[in-house]
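The values are calculated or read from the model by the stated rules, or taken from the named source; none is laboratory data. Since the model is a prediction, treat every value here as computed from it, not as a measurement. In this analysis, Cβ positions are derived from the backbone assuming ideal geometry, glycine residues included, and neighbour counts consider all displayed protein chains.
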Amino acid sequence: MRDRKFINRRVIFYIVVILLAIFALLPFFWMLSTSLKETKALTTIPIQWLPEKASFDAYLKLFEVFPFGRAVFNSLFISIIGTFISVLSASMAAFVFGKIEFRGREVLFGFFLATMMIPGNLLMIPNYLILRSLNLLDSYTGVLLPSFFNAFGTFLLRQNIKSLPDSYLEAAFMDGASRMKVFFKIILPLIKPALTTVTVLTFMGNWNSYLWPLIVLTSKEKMTLTVGLSLLNGQHMSDYNMLMAGAIISIIPMIIVYAFSQKHIEVGFNVGGLK
Amino acid sequence: MVTLNKKRKSLDIIIFLLPSLFGLIVFQMLPFGYSFFLSLTDWDVLSKINFLGLDNYINILKSSEFWKVLGNTLYYIVLYIPLILIVSLGLASLLNFKVPGRKVFRVIFYIPVLTSWVAAALLWRWLLSPCYGPINEILQFFGLNGPSWLYDKHWAMPGIVFASIWKDMGYFGLIFLSALQSIDKTYYEAAKIDGASAFQNFFNITLPLISPTMFFVIIISIINSFQLFPQVMIMTQGGPYGSTQVMVERIYTYAFDYYKMGYATAFSWILFVFIFVVTIIQLKLQKKWVHYEG
């Protein structure tokens, strides 16, 4: 009796969870299937779940009508450099807020935290105008400059650094090590897990970011993948095979990053959930 | 606290804080003040700047467009929040069962979260295609005549909500899952001895104990709902007949299509006030409503 009830519950579990998994995955199946179709196969009735004739035309066309390889490069370049700047800057500030006492420190840290309440949408127009007056519109530098400030990363890393025992640092200072050395040789290695979490989350945020690169990067040579895709969406509205091919290419790096750092990502939003 | 090496202390503090302070001052504080100043002007980038006082704010609040946009946002919230709570909490309860394969499902539900909104919105525009999209094909299989979705002013917003649920369920699902896993099992064991049903367990034990997470998810969802952008920009561009126009889409359009920087920044300050009020409500009510363990 007990066993049967247990088995029934399992069966129901699998039925419901598989239905939900279909809901999650069917769109991706459709994305892949569409990207392998020829243009005339897009508008058949009934629709073709699988392409009758698979072709890579859409992928080839994508690189023909648009400097798509360039967009992939731009996205990688901006995401990697932006993440490096952001995480280094945040961990340096976190070291000060976590371990070095000075007057006004808590007020300044409170200031850092308070900025998290300001939506990016409020700052985008003035930031655009600031870049404009610095002649940095449509440049990598311009799109990257705001990365120097990362309140969430600073907060998360500070919690970690604060919890490190002071004795480690004091021993190092006793040996005459500079703060720079202590930071790079002792602090950073000790907070590696948190550092990985912040790095991965920042990278994913950068890779998927849309509004800021959309307004700053206007020339085709500088555009990121998300901006390029939305431009293609405007110019080739119904070439869905090409749009889906582009979307697939934009997802692959995220899947790779996730595969290697699943644990760190999930730690990250547990912290987010408690915030 | 580290007290040694006092000599270089101030210099070190400045060096370590410099990158962040640069970002904080130039790209947070300066634009914060600058945007408020702009919101009081009629600047259009090209011609001379004129001071208008609160005219932009008054004009926005008097325009029927603003109230329509607010209504669209509230419509989104009313559809989205109950659905995302049911789906993500249901998902979390399922993944909380100790059965083989649940790790694989965790990964599956996370893939939409990893996808950028741009890619997801392109995909959903195609999925919701009235004639050639699989969603209406599936509906037809069940004998239902699917609507025109993004081409119908009554169905465009529900279509966007549909896509958002798909994209967000894994994220909130895993947040709920970690809340469920932190519940002390002895509560359920005690309830079992008292002969409580699964239904009673859920409403008397689970729900009160995950209320902080529930509250967090609702607040985050409301704040995000006020800032919808890529999905609208790519799926409908605010149409049809303005039925999916939302605040950030309007701000973007006024600023970067019409170059009405003053009007657009005033709009973004009104948006900020909404988000600020929701955040304050969160901070105040969190203590009262929510049952915290221990």
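Points to keep in mind about this one:
- Among residues of the stretch B:45-63, those that are touching a helix residue (DSSP H, G or I) at 6+ places or on another chain (Cβ under 9 Å), outside any helix (DSSP H, G or I) and within 14 Å of another protein chain (Cβ to nearest Cβ), counted: 2
- So B:PHE199, is it closer than 30 Å to A:MET124 by Cα, among the aromatic types (Phe, Trp, Tyr) and either in contact (Cβ under 8 Å) with a residue 12 or more places away in the chain or more than 9 Å from every other protein chain (Cβ to nearest Cβ) (or both): no
- In the stretch A:31-58, residue surrounded by the most Cβ atoms within 10 Å (Cβ to Cβ) [restricted to those that are facing another protein chain (nearest Cβ under 10 Å) and in a loop (DSSP other than H, G, I, E, B)]: A:LEU42
- Candidate set from the stretch A:64-83 (those that are crowded, with 19+ Cβ neighbours inside 10 Å and not small (Gly, Ala, Ser)); member that is nearest to A:GLY142 (Cα to Cα): A:ILE78
Residue by residue, here is whether (1) crowded, with 18+ Cβ neighbours inside 10 Å; (2) at pLDDT below 95; (3) not polar (S, T, N, Q) holds:
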residue	(1), (2), (3)
B:VAL107	no, yes, yes
B:LEU123	yes, no, yes
B:ASN145	no, yes, no
B:MET169	yes, no, yes
B:ILE183	no, yes, yes
B:ALA198	no, yes, yes
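- Of the residues making up the stretch A:88-103, those that are outside any helix (DSSP H, G or I) and either in contact (Cβ under 8 Å) with a residue 40 or more places away in the chain or at the interface with another protein chain (Cβ under 7 Å from one of its Cβ atoms) (or both) are A:ILE100, A:GLU101, A:PHE102.
- Of all residues in the stretch B:222-245 being within 13 Å of B:THR279 (Cβ to Cβ) and touching a residue at least 60 places away in the same chain (Cβ under 8 Å), the one that is nearest to the other protein chains (Cβ to nearest Cβ): B:PHE226
- Annotation for the stretch B:259-275: at least one member residue is in contact with a helix residue (DSSP H, G or I) (Cβ under 6 Å, 6 or more places away or on another chain) and free of Cβ contacts under 8 Å to residues at least 40 places away in the same chain.
- Hits in the stretch B:223-247 (condition: assigned to a helix (DSSP H, G or I), crowded, with 21+ Cβ neighbours inside 10 Å and of a type in the set (A, V, I, L, M)): B:VAL232, B:MET233, B:ILE234, B:MET235, B:MET247
- Residue check for B:ILE218: buried (at least 16 other Cβ atoms within 10 Å of the Cβ), over 18 Å from B:LEU91 (Cα atoms) and either hydroxyl-bearing (Ser, Thr, Tyr) or modelled with pLDDT of 90 or more (or both): no
- Applying the criterion of being small (Gly, Ala, Ser) and either in a helix (DSSP H, G or I) or at the interface with chain B (Cβ under 9 Å from one of its Cβ atoms) (or both) to the residues of the stretch A:189-237, the residue that is farthest from A:PHE63 (Cα to Cα) is A:ALA194.
- Looking only at the stretch B:30-44, and only at residues there that are facing chain A (nearest Cβ under 8 Å) and out of contact with any helix residue (DSSP H, G or I) (no Cβ under 6 Å at 6 or more places or on another chain), the one that is farthest from A:SER133 (Cα to Cα): B:PHE32
- Of all residues in the stretch A:166-191, those that are closer than 19 Å to A:ALA93 by Cα and of a type in the set (Lys, Arg) have Cβ atoms under 9 Å from Cβ atoms of residues that are surrounded by 12 or more Cβ atoms within 10 Å (Cβ to Cβ) and at pLDDT below 85, 6 or more apart or on another chain, in A:ARG179/A:PHE173; A:ARG179/B:VAL2; A:ARG179/B:ASN5; A:ARG179/B:ARG8; A:ARG179/B:LYS9; A:LYS181/A:ALA172; A:LYS185/A:ALA172; A:LYS185/A:ALA177.
- Qualifying positions in the stretch A:130-154 - within 21 Å of the chain's Cα centre (by Cα) and free of Cβ contacts under 8 Å to residues at least 24 places away in the same chain: A:THR141, A:LEU145
- The helices (runs of 4 or more DSSP H) found wholly in the stretch B:100-146 and carrying at least 1 residues that are facing chain A (nearest Cβ under 8 Å) and touching a residue at least 40 places away in the same chain (Cβ under 8 Å) occupy B:102-114, B:117-127.
- Every residue from the stretch B:249-270 that is of a type in the set (A, V, I, L, M) and surrounded by fewer than 23 Cβ atoms within 10 Å (Cβ to Cβ): B:ILE270
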